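> A single structure is presented below for examination.
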Amino acid sequence: MAGRRKTDAEVWLGEQARPARRLHARIVLLGMLGTAAAVLQAWCIARLLAPALGAPARGAFGWAAAFAGLAALRAGLGYAGDRLGFEAGAAVRRRLRTVLFSRLFAQGPSVVDRASPGMLGALAVDGIEALDAYFGRWLPAAALAVAAPALVALAVLAVDPLAGLVLCVAGLLVPAGMALAGLGAAAAARDQFVAMGRLQARFLDRVRGIATIVLAGQAEAEARRLRDSADELSRRTLRVLRVAFLSSATLDAAAAAALVLLAIRFGVEASAGPLPDPARAVFPLLLIAEFFAPLRAFAAAYQDRLQAGEVSGQISAAQPKEATLPAPLPVRTVRATGVTVAFENVSLTRDPKRGPVLDGLSFRVPAGETAVLVGPSGAGKTTVMELLLGFLRPDGGRITLNGAELASITPQALSRMTAWIGQRPVLFAGSIRDNIRFGRDDASDEDVAAAAKAAGLQNLLAALPFGLDTGIGEQGYGLSGGQAQRVAIARAFVRDAPLLLLDEPTAHLDPATEADVLDSLRRLTVGRTVVLASHSSAASAFAGRRIVLDEAQTGRARGAA
């Protein structure tokens, strides 16, 4: 009979576990050594207790010293195993977060089309933390749940075969009980993680839109919805805990049954006359707890496996798949000055149901010149920007910078040669200086000050109490739209990249502010290759070739000098 086919999540988990296999093997070895030390400890205790049951007292000091030494050894082994388990989990966390974030960053803003920021945050933080327990606890516990009880059972069998048989039978009842309890455990774990992600996503979205909620009079209604989401998460979490307690109850029942049976047996033997060797009678009783300890750790970590199975599927699905090129291209850099941009018969379809966004688009922007993309909303202006930023790859055609195909340029080289200013600048909580320096983290204070002056920030800075060191909130809280856009322009100045991409940079600004921002942008474009996507009023402020995208979907984009 063919074995069960592994799911995609199980295959993905197996791939992530490969680099940590050596650590897991060392953890299991330390666990087995700890179990062996526990068996020897039990024998020492049995010998120390034997005189109380009628055996002659001899060597008590030696047995006590051996017990103390084994206790110290076992503590050291336990500490080393826990430390290795933490290292295994931490290594996996670092690797997964590196892979997840690098692919999300490579995908760019279009990643939000597939999942909300709240859900992505839940995966990147809580999801990967859940996998930490899987790699750090579950995998070693699964191996020790078989090997460690087997070692204890062999030790008991060597001393008393009947007692060893009782332990083996009781041990076999544990996985059977856990299997029954686990029928609904996977579904409970999946529902609990989904509810947690929904609550985080809802809370983040509502905080971002709190002004709209208040103005619409929906504050109380949204508070009730958040409360309902929190109650749903609480109910699903309690359901998971019930399953965990049921598994623990099964294990406790098996351990109690083994203890009662062995105690009754030796009680009957003791009532019939003196035991020939009391130590051999006490020894199996002392090892019952040790026999079930690995099984108890296995049961405690079982929830980690269930949660990891659900989380791994979502994380692997959330990681954008890298596009496969028709033929491998050599990775290279290009000259970072005098960039020439060329689109050659470029086509791209985001959604097959809506048809192509770009179909046969071709144009060329010589080094140091400006191309203005004009057209109605949805014509593909922002798509062109995302293609040039490397966030999207065309379905057909070629995009080249200085003759080098864009897909072959190293991400680091593309980042160094490109500056981008969008409709709504992304500013981070911190000082204005920090936000400008975000364009180039090694920029000196003089470079930052010069960039701020070139962007027309001097009047704003003169009115602020701490100038460039004045703090602003997330998304530029404390600055107007025009002021925030000037900070973004200063960031582009300090970046000093030869290729400048402007995506509706004056959208949402009033005419007076727009004129000031356009003046700063004109200074920024001097000596650079510029691709500008803008509405007609802003486009008229820039000299350069016009590329009309209103017919790009049919492959007949118009270009005019």
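> From the Cα gyration tensor of the range 341-560, with a ≥ b ≥ c the square roots of its eigenvalues, which class applies: rounded if a/c is under 1.5, or else prolate if a/b is larger than b/c, or else oblate? Write down the numbers at each step before the final one.
Working: a/c = 2.03, a/b = 1.74, b/c = 1.17.
Prolate is the answer for the range 341-560, as a/c is 1.5 or above and a/b outweighs b/c.
> Answer with one residue from L73, F86, V99: the one whose Cα lies farthest towards the positive end of the charge dipole of the range 30-101, charges on Cβ with Lys, Arg +1 and Asp, Glu -1.
In the range 30-101, that residue is V99.
> Note the full-extension length gain between F86 and L157 as 0.36 nm times their separation in residues minus their Cα-Cα distance, in nm to one decimal.
That works out to 22.1 nm of additional length.
> In addition: Shape verdict for the range 421-526, please, from the Cα gyration tensor: rounded (a/c under 1.5), prolate (a/b greater than b/c) or oblate.
Details: a/c = 1.43, a/b = 1.11, b/c = 1.28.
Rounded, since a/c falls under 1.5.
> Here's another thing I want to ask about it. Between A450 and S377, what is the label-point separation in nm under the 7 Å Cα-to-beta-carbon projection?
Distance between the two pseudo-spin positions: 4.1 nm.
> Any idea how far apart V260 and L172 come out in nm if each label point goes 7 Å out from Cα toward Cβ?
Reported label-point gap for V260 and L172 is 2.0 nm.
> Starting from 0.36 nm per residue, how many nanometres of slack lie between A64 and R393 once their C-alpha separation is accounted for? Numbers along the way, then the final one.
Values: separation 329, 0.36 × 329 = 118.44 nm, distance 7.20 nm.
Once the chain is fully extended between A64 and R393, it gains 111.2 nm.
> Let me ask something else about it. Evaluate the distance, in nm, between pseudo-label points positioned 7 Å from the Cα of V426 and of F466 along their respective Cα→Cβ axes.
2.4
> Further question: Highest first, please rank the peptides 68-77, 29-38, 444-453, 149-158 by the mean number of other Cβ atoms sitting within 10 Å of their residues.
In descending order of packing, they fall as 29-38, 149-158, 444-453, 68-77.
Values in this text are rule-based calculations from the coordinates and carry no lab data. Note that the structure is a prediction, hence the values are computed from the model and not measured. With ideal geometry, Cβ positions are generated from the backbone for all residues, glycine too; neighbour counts draw on all protein chains shown.
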